[in-house]
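Peer 1: Quick one: the structure is below, and I'll ask about it shortly.
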Amino acid sequence: VQLQASGGGLVQAGGSLRLSCASPARTFPYDTVGWFRQAPGKQREFVARISWNADIPSYADSVKGRFTISRDNAKNTVHLQMNNLRPEDTANYYCMQKYIGGGYESQSSYAYWGQGTLVTVSS
């Protein structure tokens, strides 16, 4: 299953972007979904996730209070609203779906991935 991420771009520090991710998987309404990111020369890291019923979103400490994850189960989409962006948020952002076990902040714990969308924040 290949997820389709979009919405990346170039923005100045302090600006906002909204990422979207569409899934073709029929299990989407029942799966945990979310986002990871990978900056140049660094490992992929957890950003945010949201459970199937959207009651318990979880965020990395570095984005808490600035990023908001949401989902639309009717449209099989997940969004990441990113506000007050910083240069250190520059990365390729990957959406993921379907928790399969292990740590919730480990990329190996998710079955489906998107191709990545690049976010560049200039200072």
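Peer 1: Between Lys75 and Asp61, how many nm apart are label points set 7 Å from Cα along the C-beta direction?
Peer 2: 3.5 nm
Peer 1: Now a separate question. Check the straight Cα-Cα distances from Lys98 and name the aspartates and glutamates below 20 Å, setting aside those fewer than 8 residues away within the same chain.
Peer 2: Cross-link targets: Asp31, Glu45, Asp55, Asp72.
Peer 1: HN-Hα J couplings of the stretch 40-54 from phi, Karplus 6.51/-1.76/1.60, θ = phi - 60°, integer Hz, Gly and Pro as x?
Peer 2: Once θ is set to phi - 60°, the couplings for the stretch 40-54 become x, x, 10, 7, 5, 10, 5, 10, 7, 8, 9, 6, 4, 9, 6 Hz.
Peer 1: Turning to a different aspect of this structure: So which aspartates and glutamates can Lys42 reach, going by Cα to Cα under 16 Å and dropping same-chain residues fewer than 8 places off?
Peer 2: Excluding near neighbours in sequence, the set is Glu88, Asp89, Glu105.
Peer 1: Another one. Using amide H atoms built 1.01 Å from N in the peptide plane, name the residues 5+ places from Gly15, or on other chains, whose amide H lies under 5 Å from its own.
Peer 2: Leu85
Peer 1: Let me ask something additional. Give the accessible surface of the chain per residue, rounded to a whole number of Å², with probe radius 1.4 Å and ligands, DNA and RNA excluded.
Peer 2: 51 Å²
Peer 1: Quick one: putting +1 on the C-beta of Lys and Arg, -1 on the C-beta of Asp and Glu, what dipole do you get for the stretch 57-99 around its Cα centre, in Debye to the nearest 20?
Peer 2: That gives the stretch 57-99 a dipole magnitude of about 140 debye.
Peer 1: Roughly what % of DSSP beta bridges within the chain run antiparallel, to the nearest 5?
Peer 2: That works out to approximately 85 percent antiparallel.
Peer 1: Computing the accessible area with a 1.4 Å probe over protein heavy atoms, can you report the carbon and sulfur percentage for the chain?
Peer 2: The value for the chain is 48 percent carbon and sulfur by accessible area.
Peer 1: Over all alpha-carbon pairs of the chain, lay out the pair-distance distribution in 5 Å bins, whole %, shortest bin first.
Peer 2: Each 5 Å bin holds this share of Cα pairs: 2, 12, 24, 26, 20, 10, 4, 1, 0.
Peer 1: Tell me, what HN-Hα J-couplings in whole Hz come from the Karplus equation 6.51 cos²θ - 1.76 cosθ + 1.60 at θ = phi - 60° for each residue of the stretch 18-26, using x for Gly and Pro?
Peer 2: These are the phi-based 3J(HN,Hα) values: 10, 8, 10, 9, 9, 10, x, 6, 5 Hz.
Peer 1: So what is the relative contact order for the stretch 1-93, in percent, with contacts set as C-alpha pairs under 8 Å and at least six apart?
Peer 2: Relative contact order of the stretch 1-93: 33 percent.
The values are calculated or read from the model by the stated rules, or taken from the named source; none is laboratory data. Computed from a predicted model, the values in this text were never measured in an experiment. Using ideal geometry, Cβ is built from the backbone for each residue, glycine included, and neighbour counts are taken over all protein chains shown. Keep in mind that these areas ignore ligands, DNA and RNA; they rest on the heavy atoms of the full protein, side chains included. Shrake-Rupley method; radii C 1.70, N 1.55, O 1.52, S 1.80 Å.
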